[in-house]
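For reference, the structure is listed below as structure tokens.
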Amino acid sequence: MNSIFYRLKRKIRKMFCSKLVYMFWEDNESLRSHVGNYYTRTCKVVGEFSAPCLIMMVDGRFPHGGLADRLRGCINLYKFAKERGMDFRIYWKSPFDIHEYLTCNEYDWKIDQDEISYFMGDSFPVTLGSYYKQYSLSEAKEAEFQYQKMNEIIDSHPHIKQFHFYTNAHFVDDKEYAELFKELFVPSEGLQEKISFYSKVHNYSPYLSMAFRFRQLLGDFEDASGGEVLSVAERKQYIEDSLHLIDKVYEENNGEQMIFVTSDSKDFIKAASEKSYVFTVSGEIVHIDKQCTLVKTDYSKEFLDMLMLARSSFIYVCKKERMFTPGFSLNAAKLGGVMFKIIKY
């Protein structure tokens, strides 16, 4: 009976609600099914914060997206908390503890597990996702919707002490993005050592960056969202065309700067690394929303790729037919205030 009622309710909402309103409702229904069992009607005393507190949840209990999605959620929720004069925390434990790679800078956002309340009387889980690419919606309208919805959630739950947000909201403008990131984060000691190492590789000189997002096309990477795999002949052609593009960019810039290349394909990274003017970051290529938390994995390459992109003089976002426009590199451009160009080839 409940499933019949739910299907009817879903059908009615789909018919009469806007796409954004409907997706918000459906995602939060899904969230409740994923995390509902963790919440209890038994009151438990937890750490005291300036109530109410906004907590960015990255606990592995609900899909979080890749690194760019997670950082975007942190930065946007932090911006919102600042505007509302609310406390802000980040609980990022899946599939790694964020402190292994990024630590607090100007703002202390740390929170321990025993400080999180799952008492229904004073905590409230909510997800606020992004769908504009998937459904060809207006990015600006979705950003406005997200901001309004956050205000609506806070204002309609005055008794709540902790709001547990699962989000990749994107209403912060590009000019503020880098500043807010720097307020929140600084590389951990271990990550900073690796950044210093790769800085020596290009002799501390300016360098260009080129980002290639093949997803599963070349058959050597498992993407969280799946995708097609090309034939052996097509893979070879894609790699050759992409290598030729690197040569072209190097020549157009008169060979004055080395080129940092990042990609989700280990085969392409290996081929590009053979060029004397190209440098890459070594390490395992993974999608953090696809990994099993039971297997210890080093995710430093993903953070290094992001920060090396953010420190380059210019970013070329490279897109061939059937390839994906990498939000990861566009996010890095915002973090570093770096100009970029999308090249279709």
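The values are calculated or read from the model by the stated rules, or taken from the named source; none is laboratory data. All figures in this text were calculated on a predicted structure; none of them were measured in a lab. Glycine gets a Cβ as well: all are built from the backbone with ideal geometry, and neighbour counts include every protein chain shown. Protein only, heavy atoms only, side chains kept; ligands, DNA and RNA dropped before computing areas. Shrake-Rupley method; radii C 1.70, N 1.55, O 1.52, S 1.80 Å.
Which of the strands (runs of 3 or more DSSP E) found entirely inside the stretch 251-345 contain at least 2 residues meeting this: over 21 Å from R215 (Cα atoms)?
Numbers: elements: 258-263, 314-319, 340-344.
Because the criterion is at least 2 residues that are over 21 Å from R215 (Cα atoms), the strands (runs of 3 or more DSSP E) in the stretch 251-345 that meet it are 258-263.
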Subject >> First in the stretch 239-250 and under 11 Å from K320 (Cβ atoms) and of a type in the set (A, V, I, L, M), second anywhere and outside any helix (DSSP H, G or I) and open to solvent by 40 Å² or more (accessible area, probe 1.4 Å), Cβ under 7 Å, 6 or more apart >> reply: L245/Y345
Original post:
Which one of the conditions (1) within 29 Å of K296 (Cβ to Cβ); (2) modelled with pLDDT under 95 does V58 fail to meet, given that it meets all the rest?
Top reply: (2)
Subject >> Flag if K161 is of a type outside the set (A, V, I, L, M), closer than 17 Å to L54 by Cα and open to solvent by 80 Å² or more (accessible area, probe 1.4 Å) >> reply: yes
Subject >> Enumeration of residues in the stretch 74-118 that are of a type in the set (K, R) and assigned to a helix (DSSP H, G or I) >> reply: K79, K82, R84
Subject >> Close pairs from the stretch 28-40: first over 22 Å from S130 (Cα atoms), partner open to solvent by less than 90 Å² (accessible area, probe 1.4 Å), Cβ under 6 Å, at least 6 apart >> reply: Y38/Y118; Y39/Y118; Y39/M120; T40/Y118
Subject >> From G327, G336, residue being open to solvent by less than 50 Å² (accessible area, probe 1.4 Å), in contact (Cβ under 8 Å) with a residue 24 or more places away in the chain and closer than 19 Å to K133 by Cβ >> reply: G327
Subject >> Positions within the stretch 94-115 being free of Cβ contacts under 8 Å to residues at least 60 places away in the same chain and open to solvent by 20 Å² or more (accessible area, probe 1.4 Å), in sequence order >> reply: D97, D108, K110, Q113
Original post:
Only one of Y166, Y135, Y198, Y147 is open to solvent by less than 20 Å² (accessible area, probe 1.4 Å), in contact (Cβ under 8 Å) with a residue 12 or more places away in the chain and either within 30 Å of G255 (Cα to Cα) or of a type in the set (S, T, Y) (or both); which?
Top reply: Y166
Original post:
Exactly one of (1) of a type in the set (S, T, Y); (2) buried (at least 17 other Cβ atoms within 10 Å of the Cβ); (3) modelled with pLDDT of 95 or more is unmet by S231. Its number?
Top reply: (2)
